[in-house]
Amino acid sequence: MGRQAVVVDSASIEAAVGRVLDPHINVPLTEMGMLGRVELDVDGDVDVSLVFPCMGCPAFTMLKENVKRQIERVDGVREVRVRVDWNAQWDRSMMSERAKAYAAKSGYRI
């Protein structure tokens with residue numbers, strides 16, 4: 001009997017990205033509003049873009065690798081491409097209320 005194909009959905013990808021924490025504020029990238037576009041195809045290929053709060057973020061390579069690693073763990077994913085969208089404008093309104101509260105409590109002024 002053949003193996004049944006697993007269909008990857010955007011909720012699974014978002015959950016995977018949510019396991020990656022911002023190294024400065026220690027909250028999930030999804031709560032920081034850093035997950036941009038998510039594109040999936042029927043073959044299990046995933047393309048995601050990340051939006052960074054600051055240009056030239058020193059952690060961008062590490063975060064891209066961590067996001068890729070987490071998405072690769074999702075059942076049904078075949079290939080993952082992660083890019084940083086430097087053209088997208090990130091702003092504080094993209095953060096969850098929990099992330100804003102945690103940032104303020106931690107002394108970050110965003």
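The values are calculated or read from the model by the stated rules, or taken from the named source; none is laboratory data. Only a predicted model underlies this, so the values are computations on that prediction, with no experimental measurement involved. Cβ coordinates were reconstructed from backbone atoms using ideal geometry, including for glycine residues, and neighbour counts include every protein chain displayed.
Conditions (1) under 13 Å from the mean Cα position of the chain (by Cα); (2) among the hydrophobic types (A, V, I, L, M, F, W, C); (3) modelled with pLDDT of 95 or more, marked per residue:
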{"position": "GLN4", "(1), (2), (3)": "no, no, no"}
{"position": "ALA11", "(1), (2), (3)": "yes, yes, yes"}
{"position": "ALA16", "(1), (2), (3)": "yes, yes, yes"}
{"position": "ARG19", "(1), (2), (3)": "yes, no, yes"}
{"position": "ILE25", "(1), (2), (3)": "no, yes, no"}
{"position": "ASP45", "(1), (2), (3)": "no, no, yes"}
{"position": "MET55", "(1), (2), (3)": "no, yes, no"}
{"position": "ILE71", "(1), (2), (3)": "yes, yes, yes"}
{"position": "GLY107", "(1), (2), (3)": "no, no, no"}
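Annotation: of all residues in region 99-110 being free of Cβ contacts under 8 Å to residues at least 60 places away in the same chain and of a type outside the set (Lys, Arg), the one that is surrounded by the fewest Cβ atoms within 10 Å (Cβ to Cβ) is GLY107. Determine the pairs where a residue that is touching a residue at least 40 places away in the same chain (Cβ under 8 Å) and under 17 Å from LEU50 (Cβ atoms), located within region 73-98, has a partner that is of a type in the set (Phe, Trp, Tyr) and in a loop (DSSP other than H, G, I, E, B) with Cβ atoms under 9 Å apart, the partner being 6 or more residues away or on another chain. Taking only residues 6 or more apart or on different chains, the pairs are ASP85/PHE52; ALA88/PHE52; TRP90/PHE52. Of the residues making up region 61-72, those that are buried (at least 17 other Cβ atoms within 10 Å of the Cβ) and either aliphatic (A, V, I, L, M) or touching a residue at least 60 places away in the same chain (Cβ under 8 Å) (or both) are LEU63, VAL67, ILE71. Going by the conditions given, is SER49 among the polar types (S, T, N, Q), farther than 23 Å from LYS105 by Cβ and more than 9 Å from the chain's Cα centre (by Cα)? For SER49, the condition - among the polar types (S, T, N, Q), farther than 23 Å from LYS105 by Cβ and more than 9 Å from the chain's Cα centre (by Cα) - is not met. For VAL67, state whether it is touching a strand residue (DSSP E or B) at 6+ places or on another chain (Cβ under 8 Å), assigned to a strand (DSSP E or B) and β-branched (Val, Ile, Thr). No.
Taking the numbered list (1) surrounded by 12 or more Cβ atoms within 10 Å (Cβ to Cβ); (2) in a loop (DSSP other than H, G, I, E, B) in turn, GLN89 passes all entries but (1). Could you tell me whether any residue of region 13-33 is without any contact (Cβ under 8 Å) to a residue 12 or more places away in the chain, surrounded by fewer than 20 Cβ atoms within 10 Å (Cβ to Cβ), under 23 Å from VAL77 (Cβ atoms) and among the acidic types (Asp, Glu)? No, region 13-33 contains no residue that is without any contact (Cβ under 8 Å) to a residue 12 or more places away in the chain, surrounded by fewer than 20 Cβ atoms within 10 Å (Cβ to Cβ), under 23 Å from VAL77 (Cβ atoms) and among the acidic types (Asp, Glu).
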